[in-house]
1. If you take the residues in the range 152-185 that are out of contact with any Lys or Arg (no Cβ under 8 Å at 6 or more places or on another chain) and among the small types (G, A, S), which one is surrounded by the fewest Cβ atoms within 10 Å (Cβ to Cβ)?
2. Across the range 224-277, which residue is modelled with the highest pLDDT among those that are surrounded by 15 or more Cβ atoms within 10 Å (Cβ to Cβ) and small (G, A, S)?
3. Being crowded, with 19+ Cβ neighbours inside 10 Å and more than 20 Å from the chain's Cα centre (by Cα) is the filter here, so list the residues in the range 127-151 that pass it.
4. Before we move on, is F217 buried (at least 17 other Cβ atoms within 10 Å of the Cβ), part of a helix (DSSP H, G or I) and of a type outside the set (D, E)?
5. Given the conditions (1) in a loop (DSSP other than H, G, I, E, B); (2) out of contact with any Asp or Glu (no Cβ under 8 Å at 6 or more places or on another chain); (3) among the polar types (S, T, N, Q), report the number of the one that T234 does not fulfil.
6. From R162, R199, which residue is out of contact with any Ser or Thr (no Cβ under 7 Å at 6 or more places or on another chain), of a type outside the set (D, E) and modelled with pLDDT of 95 or more?
7. Out of D246, D259, D238, report the one residue that is free of Cβ contacts under 8 Å to residues at least 24 places away in the same chain and in contact with a His (Cβ under 9 Å, 6 or more places away or on another chain).
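The values are calculated or read from the model by the stated rules, or taken from the named source; none is laboratory data. Fair warning: this is a prediction, and the values are worked out from it, not measured in the lab. Every residue, glycine among them, receives a Cβ derived from its backbone with ideal geometry; neighbour counts consider all protein chains shown.
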Amino acid sequence: MDILSRRERSVGIVNHSYVCRLGVIWLLSVMGGGVPLCAWADQSRVWTVQVPYEAPPVNPEVPDVSIPPNKTPLSPEEIKRAEALLPLLEGKQEFWAMGEFVHLGESSVPVLVKALTMSSPRIRYNAIETLLMMKGVAGVPALVETAKEPSELSRVREHALRVAVRLDATKASEAINVMAKDPNPSVRKAAAFESRYIRQKSVIPILIPMVSDEERFVALSALQSLWILTRHETEFHDWDTSTKQDRAAWSSEWVEWWDINKETFEIPEPRRPKRNL
């Protein structure tokens, strides 16, 4: 009986609430003068409105406040200061020391390249990075010698080659020739990869033997560099799954092509990326 009575009371409350809602809606419609207040009233008519356009403000020209590179020769005091910075290229102050060399400018390159023969590999690596930061083209010959040094760490040699190519690619082919014959495959790969940025015919005969390298990743890097430099299309081969014997046979296509065209071949202009419309 208690359950039935509670159910009857619930039904009564719901009915009472429903009646109250209907009464409120009727009262609002009467007070509104018969204007329909329903959500589904006729709204099919659309009015177009044009908002005035205001162009964004033009940014004023920002004056060039960059500090021009220092090209004046270093004084004896500045030379001593630069030499004192060399040991600081390793440790907590290494970034500050690198910035000081950049501030001194390219005139400090003769002092900075001394770091390439110091005992700490960290100092040698940071010296190479500093030459890149200051765009020290005068240090490229020292970088080439570092890249050619067989007793140097591979990561230092590879970084020296990268920076030398970025600063003056025309002087880096000598390092490419030496590194292409190195027993370390990572060094050979660096030579194969960076050679694509050296737009000289002298790197083509260096790259062709590397196509048959025993390491597939070295051979693929050499092959891609050849494609970029020459745009020569060979027969289709599955290089990704090739063996050393396959690559040795396929490299003969490049040898034959070079024997025929080496006298007349010229490095084509690099392809420029298409502009987005």
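1. S154
2. S225
3. Residues of the range 127-151 crowded, with 19+ Cβ neighbours inside 10 Å: 127-128, 130-131, 134, 136, 139-140, 142-144, 146-147.
Matches in the range 127-151: A127, G136, G139, V140, A142, L143, V144, T146, A147.
4. On the way: buried (at least 17 other Cβ atoms within 10 Å of the Cβ): no; part of a helix (DSSP H, G or I): yes; of a type outside the set (D, E): yes.
No, not satisfied.
5. The one condition T234 does not meet is (2).
6. One residue alone meets the criteria, R162.
7. D246
Residue by residue, here is whether (1) under 29 Å from A248 (Cα atoms); (2) part of a helix (DSSP H, G or I); (3) modelled with pLDDT under 95; (4) of a type in the set (K, R) holds:
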| site | (1), (2), (3), (4) |
| --- | --- |
| A138 | no, yes, yes, no |
| T146 | no, yes, no, no |
| K181 | yes, no, yes, yes |
| S195 | yes, yes, yes, no |
| V203 | yes, yes, yes, no |
| P209 | yes, yes, yes, no |
